[in-house]
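Participant: Take a look at the following structure, please.
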């Protein structure tokens, strides 16, 4: 029987994703840094607060967040564990509707405002069209998520970011998949006067051939695509019912399982 392992696109074993909340004006500068270094980000937005103060207006989001992901963060940023089911539904569905009208695609990701959630909220999310939800509880390593509805990041950008980046760059054991997931709020760089931190991070981690740079949703979609693969009982072929390719390591050899086709796993 073949030994078949999931890899990231192109056979890579490391991925980086960035996650920033609230849709504030400093996102513009942050996106400029990401674009300069080939880094992808997800931006979780409160549509009901858009355009207020220094928050980015809805009508500007399609251009500002181009090539990145706009994700839900509720309409008004309540502490959700204190809310009724009816309010939770309106906060999430209302946010999706406004954001989807602004950016022109289905908004399927989420981050918990104020980091507040419970089991009931997690169980509701799939019925509200949400496919992943990020928490604020960092774990400090590079593990893949076990539960996409309680997706814990590696670190906040103020949590040993550059040290973790150096460790991440040095990881080379191909029996593992490594994910570095950084979260925060872009306005914190103005508040803390530490734009140099994220500039140094982008310079050291960007543009590397061994890293897949992806949005939160791209990673969730890719892993879910792998879960939808249909392997033969003898593991000598696999059918990929999805549109996009999934990359596998088969007995040490990298293979592409193309969308909508069957791929041999033995030679």
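Participant: Go through the residues of segment 124-132 one by one and say whether even a single one is at pLDDT below 95, under 18 Å from the mean Cα position of the chain (by Cα) and either assigned by TED's automatic domain parsing to the domain that holds residue 215 or not in a loop (DSSP other than H, G, I, E, B) (or both).
Facilitator: No, segment 124-132 has no match at all.
Participant: Residue 102: surrounded by 20 or more Cβ atoms within 10 Å (Cβ to Cβ), in contact with a helix residue (DSSP H, G or I) (Cβ under 9 Å, 6 or more places away or on another chain) and under 29 Å from residue 194 (Cβ atoms), yes or no?
Facilitator: It is false that residue 102 is surrounded by 20 or more Cβ atoms within 10 Å (Cβ to Cβ), in contact with a helix residue (DSSP H, G or I) (Cβ under 9 Å, 6 or more places away or on another chain) and under 29 Å from residue 194 (Cβ atoms).
Participant: A further question follows. Answer with yes or no whether residue 87 is over 18 Å from residue 19 (Cα atoms) and part of a helix (DSSP H, G or I).
Facilitator: yes
Participant: Can we say residue 175 is exposed (fewer than 13 other Cβ atoms within 10 Å of the Cβ) and assigned to a loop (DSSP other than H, G, I, E, B)?
Facilitator: The answer is yes for residue 175.
Participant: Evaluate the following for residue 159: is it out of contact with any helix residue (DSSP H, G or I) (no Cβ under 6 Å at 6 or more places or on another chain), in the same structural domain as residue 97 (by TED's automatic domain parsing) and at positive phi?
Facilitator: no
Participant: Sort out which residues of segment 125-141 are surrounded by 19 or more Cβ atoms within 10 Å (Cβ to Cβ) and without any contact (Cβ under 8 Å) to a residue 60 or more places away in the chain, and write them in order of number.
Facilitator: Scanning segment 125-141 gives 125, 130, 133.
Participant: Criterion first (more than 15 Å from residue 27 (Cα to Cα) and either part of a helix (DSSP H, G or I) or more than 20 Å from the chain's Cα centre (by Cα) (or both)) does residue 60 satisfy it?
Facilitator: The answer is no for residue 60.
Participant: Shifting gears a bit: Right, residue 93: part of a loop (DSSP other than H, G, I, E, B) and either closer than 22 Å to residue 221 by Cα or touching a helix residue (DSSP H, G or I) at 6+ places or on another chain (Cβ under 9 Å) (or both) or not?
Facilitator: For residue 93, the condition - part of a loop (DSSP other than H, G, I, E, B) and either closer than 22 Å to residue 221 by Cα or touching a helix residue (DSSP H, G or I) at 6+ places or on another chain (Cβ under 9 Å) (or both) - is not met.
Participant: Another question, then. Going by the structure shown, is residue 3 surrounded by fewer than 15 Cβ atoms within 10 Å (Cβ to Cβ), in contact with a strand residue (DSSP E or B) (Cβ under 8 Å, 6 or more places away or on another chain) and either over 25 Å from residue 196 (Cα atoms) or not assigned by TED's automatic domain parsing to the domain that holds residue 250 (or both)?
Facilitator: So residue 3 fits the description; yes.
Participant: Just a yes or no: is a residue in segment 133-144 in contact with a strand residue (DSSP E or B) (Cβ under 9 Å, 6 or more places away or on another chain), under 16 Å from residue 19 (Cα atoms) and outside any loop (DSSP other than H, G, I, E, B)?
Facilitator: For segment 133-144, residues in contact with a strand residue (DSSP E or B) (Cβ under 9 Å, 6 or more places away or on another chain), under 16 Å from residue 19 (Cα atoms) and outside any loop (DSSP other than H, G, I, E, B): present.
Participant: What about residue 187, is it in contact with a helix residue (DSSP H, G or I) (Cβ under 8 Å, 6 or more places away or on another chain) and in the same structural domain as residue 140 (by TED's automatic domain parsing)?
Facilitator: no
Participant: Only one of 37, 68 is assigned by TED's automatic domain parsing to the domain that holds residue 110, within 21 Å of residue 129 (Cα to Cα) and surrounded by fewer than 23 Cβ atoms within 10 Å (Cβ to Cβ); which?
Facilitator: 68
The values are calculated or read from the model by the stated rules, or taken from the named source; none is laboratory data. Note that the structure is predicted; figures quoted are calculated from it, not measured. Backbone-built Cβ (ideal geometry, glycine too); neighbour counts: all protein chains shown.
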